[in-house]
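Please read the structure below before turning to the comments.
The values are calculated or read from the model by the stated rules, or taken from the named source; none is laboratory data. This one's a predicted model, so the numbers in the text were calculated from it and none came from an experiment. Every residue, glycine as well, gets a Cβ built from its backbone with ideal geometry; the counts of neighbours run over all protein chains shown. All accessible areas refer to the heavy atoms of the entire protein, side chains included, with ligands and DNA or RNA removed. Shrake-Rupley method; radii C 1.70, N 1.55, O 1.52, S 1.80 Å.
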Amino acid sequence: MNMDILITLLIVASVLGALASNRVPADITMMAALVLVLVTGVISPAEALSGFANPGLMTIAALYVVAAALRDTGAIYWVAHRLLGQPKSVLASQLRLVAPASLLSAFLNNTTVVAMMIPAVQEWAQRLRLSASKLLLPLSYAAILGGTCTLIGTSTNLVVDGLVQERGMEAFGIFDVAWVGIPVLLGGTLFLLLAGRFLLPEREGMVEQWEHGREYHVEMLVGKGSPLAGRSIQDAGLRNLTYGYLTEIQRGERLFPAVGPEMVLQEGDLLAFVGVPECARELQRINGLQAAHGGAHKLALNNHQRHLVEVVLSPEFPGIGKTVKETGFRTRYQAAILSISRSGQRLPGKVGELVLKVGDTLLLETSQQFVEQYRYRRDFMLVSPLQDSTPPDFRRAPVAVGVLVAMVMANVLGLASTLEAAMLAAGLLLVTRCVTVNRSRMNVSVNLPVLVVIGASFALGTAMESSGAAAWIVELVIPESGLSPWLALIIVYLLTAMFTEMITNNAAAVLVFPIALGVAEQLGVSPMPFIVAVMFAASASFMTPLGYQTNLMVMGPGGYTFRDYLKIGFPMSVVVAVITLTVIPMVWGF
């Protein structure tokens, strides 16, 4: 062992410890590692920075823009709503959950899919009188499994593909990994359906029930040409909302106070809902509904600029004791009042005729600049924005879906590489204004730490290879007498899986990749089975919430503990490992 190997292994060990402890952000840890391997002379500056120009990294960045467009146009909400259906039992719920989650995750970022579907899953739990913990972890697992079915389904696959291209090998096609991914998805789904009900816990999540929150009265209109016209309340998805409920419908001069699920909606119907602030955000995401009052449509704002904000009126608010109409609120503050809550209770009636009092909580639709402009003004005691409350622009949803399909087909037919297809798709979505430049920048910025981790981890992988550390580990793992290729494949898979549970999946893939190549070279066999094993082992993180971001996202809402992940994640990992290690030699051979 020379000095470069020793330095590299010490840095890698420190990185593993820092990431496993979760005390230092992953991007800071990986950038510190990059600096250390650079200043110690293990790799050159060009090698240290080459990861940030890797095709896999740039593809991931472009796909963030694609995902932002699908979210902003509401395409992802429409697809999820249509595919989820109306399940009647736990088994049916889990089965209907896996299908859309895995399908969407095959072509979109897993984190985006899980974030968008968590509210729908919570609504399922309320409707079926089930604990959300029976459904949320299967949601995360389904997203992970679905992501393994295509090259663009998970960033790990793209990272490994980028490493493959760097070494002059042929790049993967978008569906090349489906030969293993689909059997893994089917096997993992079967395990979830058969054993999930027994292994998943039943407990309350951390999210408070909406009945205990601030209650608002929100009115929405079924506008002219609305796709909801002619559909029943049940089919329109208005029967079981997550954050509120439909109380009555005003149709011309007639009032329907008791609304049944089979009642058919008509153009011009005025729908009254009662719920917490998030109810307004939820209603915005239903294609065909628009705010009935408040003059939101009169604001000089584009769709992507609108946000929901809560404010509490202070004694110095100039409109105290006046009706909303008398205060000229919309003109004065460039904000439309959707609803008013007093002492935690909704105020019924037309918003414009309500008299304002000190302490009233107003739900507003306004611009993002409102928060910065009025956060410290004396008019309001509190200004609180609702996260992710921009209403989708459903008019452009067909365009966004069309671009996504074209991106996949261009890659499948060999008309463009994965990177070229993703970049062209991102450009088309910007040109067609399915997503704005600012929104795309924001989406990439939010995920910038992930991109930094990936780019910096390439430097660590290069250091492992150029210093000889990877070869040293190979000699340590593979005895002089040699091993059978299949046994060596198992060792590579288990090593990657172990790293993934402790650190990030992308970092695990980059660190083990040179070791996998070294094992294949020493055995004199094709490296492809080992490369694919690294892909799947790095993605197959089920036993802890740390290895994969979607596992961490459902931990709070589902009320899960580390023990819960281990209880169902260990057998799930065994199932996936057995299928993967059986199918890989059959497809690629040694």
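What the table shows:
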| item | result |
| --- | --- |
| Qualifying residue in region 380-388 (condition: farther than 30 Å from residue 68 by Cβ, open to solvent by less than 90 Å² (accessible area, probe 1.4 Å) and touching a helix residue (DSSP H, G or I) at 6+ places or on another chain (Cβ under 9 Å)) | yes |
| Of the criteria (1) over 24 Å from residue 290 (Cα atoms); (2) over 33 Å from the mean Cα position of the chain (by Cα); (3) open to solvent by 30 Å² or more (accessible area, probe 1.4 Å), which one residue 372 fails | (2) |
| Count of region 333-354 residues which are surrounded by 15 or more Cβ atoms within 10 Å (Cβ to Cβ) and either touching a residue at least 24 places away in the same chain (Cβ under 8 Å) or within 10 Å of residue 218 (Cα to Cα) (or both) | 14 |
| Candidates 537, 508, filtered to the one that is modelled with pLDDT of 85 or more, of a type in the set (A, V, I, L, M, F, W, C) and open to solvent by less than 10 Å² (accessible area, probe 1.4 Å) | 537 |
| Selection within region 128-145 - touching a Ser or Thr at 6+ places or on another chain (Cβ under 9 Å), at pLDDT below 80 and in a helix (DSSP H, G or I) | 128 |
| Number of the condition not met by residue 151 [criteria: (1) assigned to a loop (DSSP other than H, G, I, E, B); (2) within 22 Å of residue 554 (Cβ to Cβ); (3) modelled with pLDDT of 80 or more; (4) open to solvent by less than 30 Å² (accessible area, probe 1.4 Å)] | (2) |
| Test result for residue 473, over 27 Å from residue 176 (Cβ atoms), of a type in the set (A, V, I, L, M), at pLDDT below 80 and crowded, with 19+ Cβ neighbours inside 10 Å | yes |
| Any hit, region 170-178, residues being in a helix (DSSP H, G or I) and not acidic (Asp, Glu) | yes |
| Residue in region 4-26 that is hydroxyl-bearing (Ser, Thr, Tyr) and open to solvent by 70 Å² or more (accessible area, probe 1.4 Å) present | yes |
| In region 27-57, residue nearest to residue 448 (Cα to Cα) [restricted to those that are exposed (fewer than 14 other Cβ atoms within 10 Å of the Cβ) and not β-branched (Val, Ile, Thr)] | 53 |
| Helices (runs of 4 or more DSSP H) contained entirely in region 2-65, each with at least 3 residues that are within 19 Å of residue 156 (Cα to Cα) and not aromatic (Phe, Trp, Tyr) | 3-21, 26-39 |
| Considering residues of region 570-590 that are at pLDDT 90 or above and not aliphatic (A, V, I, L, M) only, the residue nearest to residue 528 (Cα to Cα) | 585 |
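Conditions tested, residue by residue: (1) at pLDDT 85 or above; (2) surrounded by 17 or more Cβ atoms within 10 Å (Cβ to Cβ); (3) more than 21 Å from the chain's Cα centre (by Cα).
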site: 362; (1), (2), (3): yes, yes, yes
site: 377; (1), (2), (3): no, no, yes
site: 391; (1), (2), (3): no, yes, no
site: 395; (1), (2), (3): no, no, yes
site: 427; (1), (2), (3): yes, no, yes
